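Here the structure comes first, spelled out in structure tokens, and everything after it is commentary.
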Amino acid sequence: MPELPEVETTRRGLEPHLVGQRILTAIVRHTGLRHPVPETLKQVLPGLTLRSIERRGKYLLLDCGEGWLILHLGMSGSLRILPASTPPEKHDHFDLVVESGQCMRLRDPRRFGAILWTTAPPEAHPLLAKLGIEPLTPAFDGNFLYRVSRGRRTPIKQFLMDGHIIVGVGNIYANEALFSAGISPKTAAGRLGKARCTKLAALVKDILNLAIAAGGSTLRDFVNSAGNPGYFQQQYGVYGRTGQPCLRCGMTVRQLRQGQRSTFYCPGCQK
């Protein structure tokens, strides 16, 4: 599933092509995504101008002046910028055509994505209202992590991935941040002292920023808005390295299941 770095990479790729553009038409080819695509988009969107593209967690928010498009890429979705004349393929479910002659096209083979419309502030939408703190903001730091983790017995990896606490720290990036911090993914969140919380919070930011700079990770068929894959997987320190020697200490990397997700860790480096 595309996580924060992949969604932020997509946002940055869309921005120069869409912001300031007037919408000519919206083409809905398939309404049966995770949430039904509103048929009214074909009447509501033409003539509106895209003012900005923002991100909240793994959601993209397109400010159209009179309302907001809320987009989610689901498990396998991607948004691409193409000439509007490009013939659609089987899994191309939605086009947003702008006056430049380009379109933003949603491709979603598994149909777990979402395209929604709201005229209310998007942060009040039920899908966004209970999301946690953004990890790339100044508010997310060691003090915050220490405060919200007190008394929590949840393993720290699952704690980092709880979107009601922190948004967008997906499985890959939680694995990598904990490896960099030397913290076992099995450690109860509430057992981390303030110094370790400060180190971990800083490394979560570093890992996410490195992933964004690399265009995200190529997860199955994820590509950015230009159709290019991400390359952060070439920098993995621990993820997917089961049975291989740790890059730091040489001990064999192990794998376990936490919350139905694969966890990779070095028993020598991570305590």
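Restricting attention to the stretch 173-194, the residues being buried (at least 19 other Cβ atoms within 10 Å of the Cβ) and not polar (S, T, N, Q) number 11.
Residues that are within 16 Å of Arg55 (Cα to Cα) and among the hydrophobic types (A, V, I, L, M, F, W, C) within the stretch 8-39 comprise Leu14, Leu18, Val19, listed in sequence order. Residues in the stretch 246-259 that are part of a loop (DSSP other than H, G, I, E, B), without any contact (Cβ under 8 Å) to a residue 40 or more places away in the chain and either touching a Phe, Trp or Tyr at 6+ places or on another chain (Cβ under 8 Å) or under 17 Å from Ile156 (Cβ atoms) (or both): Val253 only.
Quickly run through the stretch 3-57 and pick out the residues that are of a type in the set (D, E, K, R), surrounded by fewer than 16 Cβ atoms within 10 Å (Cβ to Cβ) and at pLDDT 90 or above. Of everything in the stretch 3-57, those that are of a type in the set (D, E, K, R), surrounded by fewer than 16 Cβ atoms within 10 Å (Cβ to Cβ) and at pLDDT 90 or above turn out to be Arg12, Glu15, Arg22, Arg29, Lys42, Arg51, Glu54. Scanning the stretch 107-129 for residues that are aliphatic (A, V, I, L, M) and assigned to a loop (DSSP other than H, G, I, E, B), we see that the one that is farthest from the chain's Cα centre (by Cα) is Ala120. Against the numbered list (1) in contact with a Gly (Cβ under 8 Å, 6 or more places away or on another chain); (2) surrounded by fewer than 16 Cβ atoms within 10 Å (Cβ to Cβ), Arg80 comes up short only at (2).
Here's the yes/no breakdown for (1) over 30 Å from Leu208 (Cβ atoms); (2) assigned to a strand (DSSP E or B); (3) assigned by TED's automatic domain parsing to the domain that holds Thr118:
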position	(1), (2), (3)
Ala26	yes, yes, yes
Pro36	yes, no, yes
Leu60	no, yes, yes
Leu82	no, yes, yes
His93	no, yes, yes
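The values are calculated or read from the model by the stated rules, or taken from the named source; none is laboratory data. As the structure is a computational prediction, the values presented were derived from the model and not from experiment. Cβ coordinates were reconstructed from backbone atoms using ideal geometry, including for glycine residues, and neighbour counts include every protein chain displayed.
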